[in-house]
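The values are calculated or read from the model by the stated rules, or taken from the named source; none is laboratory data. Bear in mind the structure is a predicted one, so any value in this text is a computation, not a measurement. Here the Cβ positions follow ideal geometry from the backbone for every residue, glycine too, while neighbour counts run over all protein chains shown. Keep in mind that these areas ignore ligands, DNA and RNA; they rest on the heavy atoms of the full protein, side chains included. Shrake-Rupley method; radii C 1.70, N 1.55, O 1.52, S 1.80 Å.
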Amino acid sequence: MNSIKRILIVEDEIAHFELIERGFERRQSEFALKRAVNISEALIQINLFKPDLIISDWKLPDGNGTELILKDSRGNATLPIILMTSYGNENFAVEALKLGVIDYIVKSPETFSDMVHICERTFREWEAIIEKRKMEDRIRKLSSAVEQSKVIVMITDIYGTVEYVNPKFEQVTGYSINEVVGRKASLIKSDSTDPEVFTNLWGTIKSGKEWKGEFLNKKKNGNLYWEAVSITPIRDENGYITNFLKIGEDVTESKNLHIELEKALERAEESVRLKSSILANMNHELRTPLMVILGMNQLLIDEISDDSHKQMLERVIESGKRLMNTLNSILDLSEIESDKTSFKLTEYSLDQNLEILFTLYARKAKERELNFNYQISSNGLIILVYERFFEQTLVNLIDNAIKYTPSGSINITVDKEMIDNQSWAKFCIKDTGIGIAKENLDLIFEEFRQVSEGMNRSFEGSGLGLTIVKKMVEVMHGNIQVESELGKGSIFTVRFPVINS
Ligand code: ADP
């Protein structure tokens, strides 16, 4: 014992007190004694001296020693009390212990001289009692938490026989605790779970690990419910698994919602695929006769000598080509939407191909009296693209730059850029054209939208070009950005990941 223990001796006989005191003499530094001669004095000393232990005579001038047993709100004695009598009486001993004294001793020279041991033993016992009370307290708190919990709790033995379920279990399943205790936990199984799941579950928990998963279970009334569960082994102090604890949550509502959403998504995807395949068929049906119209008109122009008739046919061809462009765009869009993963990306060397593409456009810009400059600093960069999409992306952006720039210049740069350890091939198509108002910058990537819808409807176009460009770029794992100022011009920046850096 490391701290001094205070002991209150309640004894009216001075001689007896002295004998007891002598019993402690050799261990004075460990025990501090105080004497009270009757109950009322003892009660005062309990407050003043604050004893760790009371040794009290049974018969005192103003009552008996059991009156000193003070109890807390739960009826537990708050102080250990050893009761002494002058002669042994078994009945009396049992009675005293029942009342809450910790020990009972009969006064004798041996007892008095053995006082230190008796006290030490009592302190040990008292410590154990306090420890047990704390444990019981914890258990009480835990069980009330489990009882009131909103989660389903089930405890089984290692063979899956139910030992406990909480009220939430009763509420969800409709089974009362008495109906399930002693029966197998599989009582609530619905047969819709693959037997392999259970093999895996038992394997996991028997090896001492936690198992998590979802079950479709059956209530007492036959209705099904989804339960998300976590099952963990409970071990004894030697580490052996004694029970399994299942914590579950009724997730029927969210699970059903999820299933509905999945079905809706499937339906939506199916209808997109359907729409795309209808569009693809329609395109074929429209393009074939259109090609014939364009081809025949071209032949006719060569045959006709009258200039005004020639001009009329040229208008027909021009409009036909425009219609063909729109059809091509719709076809591209439906192709991308029908299956984004079907495009096989291949290596594309920027050094070899870009020059040819840009030279073609330099001529077109010149016809419109625009300055056209390009600077390729790709230095051997290779990107992974779907060639037709990649070239069409640049073609669409340059076409737009020329179309929306009445006068001024188009500047194109190609170079390498590092972002977060990934190197990108960066294409900037910059024009000094009509520009786009801030509020319309997001709009231009939407299907069939033209910023020029109102004031500048004089520009031809379907409003599909940039929508397709964005989708094509995404298929190739790239990205596109636009910066623009109304009346000053626009910069479209496209990036593709480089694979040889
Ligand atoms: P469109 O067939 O109308 O050109 P796009 O999808 O290619 O369709 O472009 C959508 C709209 O974005 C265009 O109608 C135009 O208003 C605007 N736009 C695109 N490129 C430019 C540009 N370089 N400068 C100004 N406006 C542009």
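What are the equivalent ellipsoid semi-axes of the chain, built from the alpha-carbon gyration tensor (square roots of five times its eigenvalues), in whole angstrom, biggest first?
On the way: eigenvalues 1878, 189, 78 Å².
Listed largest to smallest, the semi-axes of the chain are 97, 31, 20 Å.
Here the chain has 52 percent of its accessible surface on carbon and sulfur atoms, given a 1.4 Å probe and all protein chains in place.
Along the axis of the charge dipole computed for the stretch 257-338 (Cβ charges of +1 for Lys and Arg, -1 for Asp and Glu, origin at the Cα centre), the listed residues MET312, MET324, ASN283 are led at the positive end by MET312. Taken per residue, the accessible surface of the stretch 5-145 reaches 57 Å², heavy atoms only and a 1.4 Å probe. The three principal axes of the C-alpha atoms in the stretch 279-369 carry coordinate ranges of 51, 37, 19 Å, sorted with the longest axis first. Alpha-carbon geometry of the stretch 5-145: the Rg and the Dmax are 15.6, 55 Å, given in that order. Dipole size of the chain about its Cα centre, with +1 on Lys/Arg Cβ and -1 on Asp/Glu Cβ: approximately 100 debye, rounded to the nearest 20. The translational diffusion coefficient of the stretch 201-341, from Stokes-Einstein at 20 °C and 1.002 mPa s with a Kirkwood hydrodynamic radius over alpha carbon pairs, comes to 98 µm²/s.
The stretch between ILE301 and ASN223 holds 20.3 nm of extra length on full extension. This uses 0.36 nm per residue minus the Cα-Cα distance.
Spatially, the stretch 340-407 and the stretch 156-223 are offset by 64 Å when compared through their Cα centroids.
Using the Cβ-Cβ distance between MET135 and GLU262 with R0 set to 45 Å, the FRET efficiency from 1/(1 + (r/R0)^6) comes to roughly 0.40. The stretch 149-250 has equivalent-ellipsoid semi-axes of 21, 16, 12 Å, by the square roots of 5 times the alpha carbon gyration tensor eigenvalues, sorted largest first. The angle between the Cα long axis of helix 115-148 and the main principal axis of the chain comes to about 40°, on a 0 to 90 degree scale. According to the Cα-based calculation, Rg over Rh for the stretch 346-497 is 0.95, with Rh computed by the Kirkwood formula. Per residue, the stretch 346-497 exposes an accessible area of 51 Å² to a 1.4 Å probe, with every protein chain left in place.
Using only the Cα atoms of the stretch 338-391, construct the convex hull and provide its projected area averaged over every direction, in square nanometres to one decimal.
Mean orientational projected area (the stretch 338-391, Cα hull): 5.0 nm².
Return the aspartates and glutamates within reach of LYS134: Cα separation strictly under 16 angstrom, same-chain partners fewer than 8 residues apart disregarded; answer none if there are no such residues. Partners within reach: ASP72, GLU125. Using just its DSSP H runs of length 4 or more, each adding -39500 (n - 2.57), the chain gives a mean residue ellipticity at 222 nm of -15000 deg cm²/dmol after division by all residues. Taking Cα atoms only, the orientation of helix 195-206 departs from the longest principal axis of the chain by about 40 degrees. Could you let me know the centre-to-centre spacing of the stretch 22-42 and the stretch 122-141, using Cα atoms, in angstrom? First find each Cα centre; the distance between them is then 26 Å. Counting only residues at least eight positions apart within a chain, or on another chain, the lysines with an alpha carbon under 22 Å from that of LYS263 are LYS255, LYS275, LYS340. Counted over the chain, the DSSP beta bridges are approximately 70% antiparallel. Under 16 Å Cα-Cα from LYS107, which aspartates and glutamates qualify once same-chain neighbours fewer than 8 residues away are excluded? List returned: GLU11, ASP12, GLU13, GLU18, GLU21, ASP57, GLU90. Phi angles across the stretch 224-229 convert, under the Karplus curve 6.51 cos²θ - 1.76 cosθ + 1.60 with θ = phi - 60°, into 3J(HN,Hα) values of 9, 8, 8, 10, 8, 10 Hz, Gly and Pro given as x.
Amide H of LEU464 versus every other amide H placed in the peptide plane: which residues, excluding those fewer than 5 positions away on the same chain, fall under 5 Å? Amide H to amide H, under 5 Å and 5 or more residues apart or across chains, LEU464 pairs with PHE448. Mind pulling the angle between the C-alpha long axis of helix 14-24 and the longest principal axis of the chain? Nearest 10 degrees, somewhere in 0 to 90. Here the helix axis deviates by roughly 50 degrees.
Peptides 145-156, 161-172 ordered by packing proxy, namely the average of other Cβ atoms within 10 Å per residue, highest first: 161-172, 145-156.
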